[in-house]
Amino acid sequence: MNILLTGGAGYIGSHACVVLLEAGHDVIVVDDFSNSSPEALVRIEGIAGKPFAHYRVHLADRPALRAVFEAHPVDAVMHFAGFKAVGESVEKPLLYYWNNVTGTTVLLETMADFGVRNIVFSSSATVYGDTDRVPTDELCPAAPTNPYGRSKWMIELMLQDLFRSDPSWHMAILRYFNPVGAHESGLIGEDPNGIPNNLVPYIAQVAVGKREWLRVFGNDYPTRDGTGIRDYIHVMDLVEGHLAALDKLAAGPGFDVYNLGTGKGTSVLEMVAAFESASARKIPYRILPRRPGDVAVSTADPTRAQRELHWQARRDIHDMSRDTWRWQMQNPDGYGRNG
Ligand code: WQD
């Protein structure tokens, strides 16, 4: 199939690009590189051994996006493009609504104009907000608590309304829990801008000597060791779930929502221990007060994806730590300044 990847140079998108090319699909990447590097595209081609089309395009640039659809047949879209930093979204809500929601609106209109009605959307467990329904299933009501999560929820509602207006669409909404890890080659991985917001990239930068110590945001949660528990899922398991969702789209029209998680919880200190074991490096840390907005526990109930997509995460915390460390060690500055 001809698959258009928005945000295909980003962390999840680049890994999806590799597995799609390796599965024999033809890929077209559109990315504005506002939060990614063109170097990732070079690495992807090196891994997959297959060239693919790519364009520097912001989704809100309708003429430029239309030109891509005019230049290439598109059978389906995997929509990864979007800003994703919770803290930044609180400071700059309009930027997040413009970039994430308006960009998606133009994408969907352009898809409809070209008769493309197959979409896999990259959503987030952040739409659930601070739920006490843990493990969390897809029937849990959405209650996002920040502009980033609300932008994802707004897009899900847009897709729902679009499907109701035209049930010929094939839609799969994938709600990610906590993606971590990297491709086994160590050539592509997570390359956060500036100080990492998320735990695992921060730990990796401590291990490689870029940061002195890890801030542990609270050890007074009602959990087995007092630190926050999350459902970390290997990025390769995550993108394999996207391939499974693509197969489901082929089965016929529909609007389906799936949690992509392992169903297992890992605490901050357990992740630190796993990373120390995988990297043979000490990760010094200090306990700080809780981070505003954090919940004690967030884990997925992934049974619907297991049942309907015949997909299950199979990599564990050691795999995630080992693969993250390989990427970080081989790329201490990520894709680099010029990347
Ligand atoms: C995990 C745990 C922190 C950093 C976020 C987004 C979510 C999704 C994934 C896009 C928590 C603790 C963290 C640090 C720490 N992104 N922590 N020190 O907050 O569960 O989810 O990323 O969809 O939208 O909200 O992930 O990695 O930031 O935090 O102690 O330096 O690690 O308190 O318990 P989170 P995280």
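The values are calculated or read from the model by the stated rules, or taken from the named source; none is laboratory data. Quantities reported herein were computed from a predicted structural model and do not represent experimental measurements. For neighbour counting, all protein chains shown are included, and Cβ atoms are generated from backbone atoms with ideal geometry for every residue, glycine included. All accessible areas refer to the heavy atoms of the entire protein, side chains included, with ligands and DNA or RNA removed. Shrake-Rupley method; radii C 1.70, N 1.55, O 1.52, S 1.80 Å.
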- Note on the structure: In nanometres, the difference between 0.36 nm per residue of separation and the alpha-carbon distance of Thr102 and Val42 is 18.7 nm
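Based on the alpha carbons, how large is the Rg to Rh ratio for the chain when Rh follows Kirkwood?
Answer for the chain: 0.94.
Cβ under 12 Å from Lys50's Cβ, Lys50 left aside: what net charge do those residues give with Lys, Arg +1 and Asp, Glu -1?
-3
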- Point-charge dipole on Cβ atoms (K/R +1, D/E -1) for the stretch 210-259, about Cα centre, debye to 20: 240
- Find how much the distance from Trp213 to Phe114 grows on full extension, using 0.36 nm per residue of separation minus their present alpha carbon separation; answer in nm with one decimal. 30.5 nm
- Note on the structure: Which of Lys210/Lys264; Lys84/Lys248; Lys50/Lys264; Lys84/Lys282; Lys248/Lys282 exceed 32 Å between C-alpha atoms? The answer is Lys50/Lys264; Lys248/Lys282
- Task: Take the Cα atoms of the stretch 222-324, build their convex hull, and give its volume per residue in Å³.
- Result: 112
- Computed about the Cα centre, the charge dipole of the stretch 81-193 from +1 Lys/Arg and -1 Asp/Glu charges at the Cβ has a magnitude in debye, to the nearest 20, of 160
- Based on the inverse mean of 1/r over its pairs of different Cα atoms, what is the Kirkwood hydrodynamic radius of the stretch 157-198, in Å? 14.0
- Task: Report the full-extension gain for the segment Ser34 to Lys50: residue separation times 0.36 nm, less the Cα-Cα distance, to one decimal in nm.
- Result: 3.3 nm
- Round to a whole number: what % of the accessible area of the stretch 171-281 belongs to carbon and sulfur, probe 1.4 Å? 47
- Item | Kirkwood Rh (inverse of mean 1/r, distinct Cα pairs), the stretch 1-133, angstrom | 15.3
- Task: Can you tell me the FRET efficiency between Asp137 and Gln330 if r is taken as the Cβ-Cβ distance and R0 is 25 Å, rounded to the nearest 0.05?
- Result: 0.10
